[in-house]
Amino acid sequence: MHPYEHLLSGPHARIDLDAYVANLASLLDLAPPGAELMAVVKADGYGHGMVVLAHAAEQSGVRWLGVARIAEGLLLRREGVRASILVIGPPNLSELRVAVENELALTIGSWTHIDAVRAVASATSRPVRVHLKIDTGMHRYGVMPEEAAAAARALADAPNVVLAGLMTHFAASDELDPAPTIEQQRRFIEACAAVEATGLQPRYRHTANSAAVLAGLANGSDIVRCGIATYGLSPSPEVPVDARFKPVMSLHAVVTRRFTLPRGDGVSYNLTYRAQADEEAAAVSIGYADGLSRLVSNQGWFVVRGQRAPILGRVCMDQTIVRSPKEAQVGDVVTVVGARADGAMTLDDIAEMTGTNVYELATRLMARVPRLYVRGGEIIAWEHLLLGERDLGPYASQP
Ligand SMILES: *Cc1c(COP(=O)(O)O)cnc(C)c1O
């Protein structure tokens with residue numbers, strides 16, 4: 001493998017492939033008997049790196065991969081991923097043909113999309129696999145339940161179109177109250193029955209996301225479309241992952257300066273923190289342009305030499321200052337985000353401090369932060385998106 005050691009002397013993310021594969025297995029355990037798992041790797045694997053994770057999921061036996069955009073599916077095909085790929089969001093109409101040529105299954109949830117997919121299918125000899133999205137209450141994408149039967153027929157009757165599934169998406173499965181989800185399930189079952197009454201029997205019906213699986217609301221979903229929990233993250237504080245799940249990503253950076261902050265002096269932009277006494281401090285090579293929210297200024301902490309090091313003052317674009325253990329030195333690798341067991345800030349902590357969710361935080365990791373993929377304690381692959389450099393090790397596509 002190309003050397004990666006130099007990447008350890010700056011900000012970097014470690015991606016724990018063993019945790020990822022174990023999380024996939026736990027989700028399959030929690031899913032209804034016989035259900036197939038779709039590992040949702042959209043948005044570059046929620047910031048974790050979609051190419052390597054898609055390969056790892058495929059190798060562990062996962063049947064389905066979920067992406068939001070056709071371009072994301074194309075990338076996986078280019079990288080040699082063979083599993084079934086569903087574009088779970090509204091597909092870009094100008095890319096339908098290339099999606100079909102690359103055997104990406106499409107989610108179709110509007111009459112515009114129905115017409116477009118019929119047109120593309122009539123101009124090809126390949127089967128065009130589609131899943132009809134029914135809007136049972138999220139009111140984002142999908143045909144209304146009353147239209148489902150007609151929409152299903154319009155798809156199934158078109159030459160080369162294979163209506164492979166019926167699906168819907170829950171709006172509130174990450175909340176304590178199951179009532180909205182149960183109502184969506186009821187509308188979905190009714191719409192499926194209307195489709196079946198026209199003589200159609202699509203192979204799949206699917207509803208569940210991570211939260212629905214964790215909350216026991218995945219009944220009747222023969223594919224479970226799981227993203228956030230595969231990364232070991234909780235959909236919400238109300239619907240957490242259980243103790244089996246482990247966070248896949250940890251974020252690290254390096255001490256670039258050790259110094260004493262003189263009593264009475266402020267630190268970082270606008271001097272929002274002032275030292276009450278002489279304080280040991282360290283500057284660390286990570287900032288909000290790496291993906292660390294500026295809203296953790298004066299609230300968050302890193303782990304330096306195994307000890308909690310509170311953030312002093314504002315997080316800058318590229319650097320952050322923390323109170324430092326005495327023994328810390330320039331060059332020390334610190335943990336910025338990690339597991340609670342290591343005393344590190346978790347994405348849950350940051351979500352609470354900053355008023356957002358872990359989905360947004362994970363996907364905020366920037367291209368200049370290289371990723372190191374770890375399996376069995378060894379770094380087996382890495383990528384640096386900004387430089388366009390990588391070594392995917394066992395996951396490199398064979399030419
Ligand atoms: C993103 C997405 C998912 C995955 O949701 P998680 O909460 O991350 O498990 C499932 N289905 C659809 C339609 C999505 O857009």
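A few comments on the model shown:
- In order along the stretch 230-242, the Karplus-derived 3J(HN,Hα) couplings, from 6.51 cos²θ - 1.76 cosθ + 1.60 at θ = phi - 60°, round to 5, 8, x, 10, 7, x, 6, x, 6, 10, x, 6, 8 Hz, and Gly and Pro are given as x.
- Using the rule -39500 (n - 2.57) for each DSSP H run of four or more residues, divided by the residues of the chain, the 222 nm mean residue ellipticity is -7500 deg cm²/dmol.
- Cα-based shape type of the stretch 1-93, given that a ≥ b ≥ c are square roots of the gyration tensor eigenvalues and the cut on a/c is 1.5: oblate
- Against the rule of thumb 2.2 N^0.38 Å, how large the Cα Rg of the stretch 233-334 comes out: 1.18
- Highest average first, the peptides 226-232, 260-266, 152-158 ordered by how many other beta carbon atoms sit within 10 Å of their residues are 226-232, 152-158, 260-266.
- Gain in span if fully extended, Val333 to Met353, counting 0.36 nm per residue against the direct Cα distance: 4.8 nm
- Projecting label points 7 angstrom from Cα along Cα→Cβ for Leu176 and Leu385 puts them 3.6 nm apart.
- Ranked packing of 166-172, 329-335, 109-115, most packed first, by mean Cβ within 10 Å: 166-172, 109-115, 329-335
- Most mobile of Gly199, Gly66, Gly47 in a GNM of the chain (Cα contacts under 10 Å): Gly199
- Within the chain, DSSP assigns beta bridges of which about 50% are antiparallel (rounded to the nearest 5).
- Rg/Rg_globular for the stretch 311-399, with Rg_globular taken as 2.2 N^0.38 Å and Rg from C-alpha atoms: 1.33
- Shown here for the stretch 294-335: trypsin sites (Lys or Arg not before Pro) in loop regions (DSSP other than H, G, I, E, B) with at most 10 other Cβ atoms within 10 Å, namely Lys326.
- Calculated from the alpha-carbon coordinates, the stretch 282-328 shows an Rg and a Dmax of 9.8, 28 Å respectively.
- In nm, spacing of pseudo-spin labels at Arg186 and Trp111 (7 Å Cα→C-beta vector): 2.8
- Evaluated at q = 0.18, 0.24 Å⁻¹, a Debye calculation over the C-alpha positions of the stretch 62-160 (equal weights, vacuum) places log10 I(q)/I(0) at -0.80, -1.28.
- Ellipsoid semi-axes for the chain, based on the Cα gyration tensor and the rule √(5λ), read 44, 23, 18 Å when sorted largest first.
- DSSP-loop trypsin sites (Lys or Arg not before Pro) across the stretch 25-110, with at most 15 other Cβ within 10 angstrom: Arg63, Arg82
- Sites excluded, GluC sites (Glu not before Pro) in DSSP loops with at most 14 other C-beta within 10 Å, longest stretch of the chain: 1-237
- Pairwise centroid distance, computed over Cα atoms, of the stretch 349-370 with the stretch 87-126, Å: 32
- Among Gly355, Gly80, Gly291, the largest mean-square fluctuation in a Gaussian network model of the chain (Cα springs under 10 Å) belongs to Gly355.
None of the figures in this text is laboratory data; all of them are computed from the coordinates on show. As the structure is a prediction and not an experimental result, all values here were calculated from the model. Note that each Cβ is placed from the backbone with ideal geometry, even for glycine, and that neighbours are counted across all protein chains shown.
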